[in-house]
Amino acid sequence: MFRFANTEILWLLLLLPLYILLLIYIRYRRTRRLARFATKDAFQRLTSYSSLPRFWWKSILLGFALIFLILGLARPQFGLKQTKQRRNAAEIMFVLDVSKSMLAEDVRPNRLERAKLEILQLMRKLKDDRVGLILFAGRAYVQLPITSDNVSAQMFISKANCEMISEQGTVLGDAIDLALNSFSPQADVGHAIVIISDGESHEGNPIEKAEEAAQKGVRIFTVGIGSPEGVPIPEVGGGVKKDANGNIIMSKLDEVTLSQIAAKANGIYMRAAAGPSGLTPILDEIETMQRAEFEQVAYSVYDEQFQTAFIIALFFFIASLLVMERKHPWFNLDSLFAENKEKK
């Protein structure tokens, strides 16, 4: 892909016709002035060393120099430019609960939005580490595989919502198992799972999966969202969620399960309160993890090419200086023969 970064500079190319007209005017004025002060024979002798083709060649070369100077100032660019970078990183898989209970509003604006905010705050501090995202409710799936693209990861987290998984439930065990199988096979790198959930109505065997993670050297950090007292779950169309008997369903934070998962997998449990809690303890633990060198492919959107245009402009400018408007008398054979006849 090719483009000019400063397209407004290209308007200067419209001055080239004026440049040509100026050259014609200069040549015309010079000829007229000489004709006023000399006879026809004297004029021919005075202009015997003058060369009209040389004048135009010099002017054309100077014109090309101006064209490429303008193009260089307009900054021609080619994209994409691919570069490879090496960085030391650990791998962190974020596991986010998107079940309907995460719509409860015991934290503002609701549990899910608060959870996303917590992840984003933590992720912005993990600039060099590789991150991924798993969403789960009645089933779990990888929303974003482990990547070094932190910006894209933040975008995926921002767009997460409860409509992405229609099956309801909290298959926390399946989510942990999926996270364990999503890391790179590299052995000398630290692996961590950060689970953010209300932990309610968990299915499967999350405690056993946490023990399996510990055996593999994977640490699990859990963040509880909500209140143990419980609150109603809002319905999308208004009202609150009720059971088959018409009773209001109260969603409670299951801190016991989340604490046990963290304890089994050498991690820590934190509760996200209504105010700004911060996950600094988890961040401090992640900073102590082993890091390995990864090769990352980075893309710069456009590669600057103005240097090439300036070099070409310099070439034409130097060439215009080398072209003389006047013929050199040593190479003017007619003048040389005329001088020999006069001597004889």
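Against the criterion of being at negative phi, surrounded by 15 or more Cβ atoms within 10 Å (Cβ to Cβ), at pLDDT 90 or above and within 25 Å of the chain's Cα centre (by Cα), Phe156 qualifies.
Restricting attention to segment 235-245, does a residue exist that is under 26 Å from Glu113 (Cβ atoms), surrounded by fewer than 22 Cβ atoms within 10 Å (Cβ to Cβ), among the polar types (S, T, N, Q) and out of contact with any His (no Cβ under 9 Å at 6 or more places or on another chain)? Checking segment 235-245: not a single residue is under 26 Å from Glu113 (Cβ atoms), surrounded by fewer than 22 Cβ atoms within 10 Å (Cβ to Cβ), among the polar types (S, T, N, Q) and out of contact with any His (no Cβ under 9 Å at 6 or more places or on another chain).
Is there a residue being at pLDDT below 80, within 21 Å of Leu321 (Cα to Cα), surrounded by fewer than 13 Cβ atoms within 10 Å (Cβ to Cβ) and not hydrophobic (A, V, I, L, M, F, W, C) anywhere in segment 46-64? Within segment 46-64, one or more residues are at pLDDT below 80, within 21 Å of Leu321 (Cα to Cα), surrounded by fewer than 13 Cβ atoms within 10 Å (Cβ to Cβ) and not hydrophobic (A, V, I, L, M, F, W, C). In segment 121-135, the residue that is surrounded by the most Cβ atoms within 10 Å (Cβ to Cβ) out of those that are without any contact (Cβ under 8 Å) to a residue 60 or more places away in the chain and outside any loop (DSSP other than H, G, I, E, B) is Val131.
Only a single criterion out of (1) in a loop (DSSP other than H, G, I, E, B); (2) hydrophobic (A, V, I, L, M, F, W, C); (3) more than 28 Å from the chain's Cα centre (by Cα) is not satisfied by Leu178, namely (1).
Criterion applied to Glu105, Glu118 was being at pLDDT below 95, of a type in the set (D, E, K, R) and in a helix (DSSP H, G or I), and the one residue passing it is Glu118.
Exactly one residue out of Glu200, Glu208, Glu212 is among the charged types (D, E, K, R), closer than 30 Å to Thr147 by Cα and out of contact with any strand residue (DSSP E or B) (no Cβ under 9 Å at 6 or more places or on another chain): that is Glu208. Restricting the first member to segment 238-257 and to residues that are farther than 18 Å from Leu103 by Cβ, and the second to residues that are among the basic types (Lys, Arg) and modelled with pLDDT of 85 or more, the beta-carbon pairs closer than 7 Å and six or more apart or on different chains are Glu255/Arg271.
Evaluation of Glu113 against the conditions (1) under 17 Å from the mean Cα position of the chain (by Cα); (2) surrounded by fewer than 21 Cβ atoms within 10 Å (Cβ to Cβ); (3) closer than 21 Å to Leu258 by Cβ shows that the sole unmet condition is (1). The residue that is modelled with the highest pLDDT, among those in segment 75-102 that are assigned to a loop (DSSP other than H, G, I, E, B) and within 23 Å of the chain's Cα centre (by Cα), is Ala90. On the stretch given as segment 181-214, residues that are part of a loop (DSSP other than H, G, I, E, B) and under 24 Å from Asn88 (Cα atoms) total 10. Within segment 121-145, restricting attention to residues that are out of contact with any Phe, Trp or Tyr (no Cβ under 8 Å at 6 or more places or on another chain) and among the basic types (Lys, Arg), the residue that is modelled with the lowest pLDDT is Lys127.
Okay, residues lined up against (1) of a type in the set (D, E, K, R); (2) modelled with pLDDT of 90 or more; (3) closer than 30 Å to Ser59 by Cβ:
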residue	(1), (2), (3)
Thr257	no, yes, no
Ala263	no, yes, no
Arg271	yes, no, no
Arg291	yes, no, no
Phe317	no, yes, yes
Ser320	no, no, yes
His328	no, no, yes
Glu342	yes, no, no
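When the residues of segment 215-228 are filtered to those that are touching a residue at least 40 places away in the same chain (Cβ under 8 Å) and in a loop (DSSP other than H, G, I, E, B), the one that is farthest from Gln290 (Cα to Cα) is Ser227. Looking only at segment 136-160, which residues are touching a residue at least 24 places away in the same chain (Cβ under 8 Å) and either within 22 Å of Asp254 (Cβ to Cβ) or among the aromatic types (Phe, Trp, Tyr) (or both)? Listed by number, the residues that qualify are Phe136, Ala137, Gly138, Arg139, Ala140, Tyr141, Ala160.
The values are calculated or read from the model by the stated rules, or taken from the named source; none is laboratory data. Computed from a predicted model, the values in this text were never measured in an experiment. As a convention, Cβ positions derive from the backbone with ideal geometry for all residues, glycine included, and neighbour counts pool all protein chains shown.
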